[in-house]
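Structure, as structure tokens:
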Amino acid sequence: MILAAGRSRRLGHDKARVELDGAPILTRLVDVYAAARIAPVVAVISEAVEDLVPPTARAVRSDPDREMIDSLIVGLQALEGVAGAIVQPVDAPFTDRAMIEALLSGAADRYRVLVHATKPGHPVYVPVSRFDEVFARPEGGLRTLLAHDQESIEWNDDRILADLDRPDDLRYWLPRS
């Protein structure tokens, strides 16, 4: 599930439209998940980026003025018959097939997080058995749940820490793609 419903106020324009490897980030991420045979690929979006969602994904809308946990809940509610969900913020654009495969390996009932030098990164895995914890809207959001019970997967690529929130973040991370 790709979370791309925010307003991107700090960046000044839609994060989903930032180009990486010749394509908007949202489109690129959908393609990465589809190539890894993840189905369904759900893109939680605002109306402003609906045109970026390729036919290989299911677009569900979320209010861009709400909290990220609200978009996460909308996305999880759109999933049926799944063992869990990989939660992919659009502003963490460097996900590849190896990361997806690593997140899908492990204990069936634990959150899984890629970690670089003890720092948690993105994307993360939420097992279906834990969806109700997210639906309860915990104070601090998903980060709070991950802090209490996660399986950490050490990852040697610091790009899992990328967070494209500000223009300076683009200047730092995009040349490293």
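Summary table
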quantity	calculated
Beta bridges per DSSP with both ends in the stretch 55-177, % antiparallel, nearest 5	60
Shape category assigned to the stretch 36-82 from the gyration tensor of Cα positions, a/c cut at 1.5	oblate
Chain lengthening between ASP157 and THR56 when straightened (0.36 nm per residue, less Cα-Cα)	33.6 nm
Integer Hz, Karplus 6.51/-1.76/1.60 couplings in order for the stretch 100-109, x for Gly and Pro	4, 4, 5, 5, 7, 9, x, 4, 5, 10
Calculated [θ] (222 nm, deg cm²/dmol) that DSSP helices of n ≥ 4 give over the chain, each run adding -39,500 (n - 2.57)	-7000 deg cm²/dmol
Coarse-grained scattering of the stretch 2-163 at q = 0.14, 0.20 Å⁻¹, given as base-10 log I(q)/I(0) from a Debye sum over alpha-carbon atoms	-0.66, -1.48
Chain lengthening between ARG137 and GLU67 when straightened (0.36 nm per residue, less Cα-Cα)	24.2 nm
Burial ranking of peptide ranges 69-75, 88-94 (average Cβ count within 10 Å, highest at the top)	88-94, 69-75
Cβ charges +1 (Lys, Arg) and -1 (Asp, Glu), total dipole of the chain, debye	160
Highest to lowest packing among 146-154, 4-12, 39-47, scored as the average C-beta count within 10 Å	39-47, 4-12, 146-154
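Read-outs throughout are calculated quantities, based only on the coordinates presented, and are distinct from any laboratory measurement. Please read all numbers here as calculations on a predicted model, not as lab measurements. Note: ideal-geometry Cβ built from the backbone for every residue, glycine included; neighbour counts use all protein chains shown.
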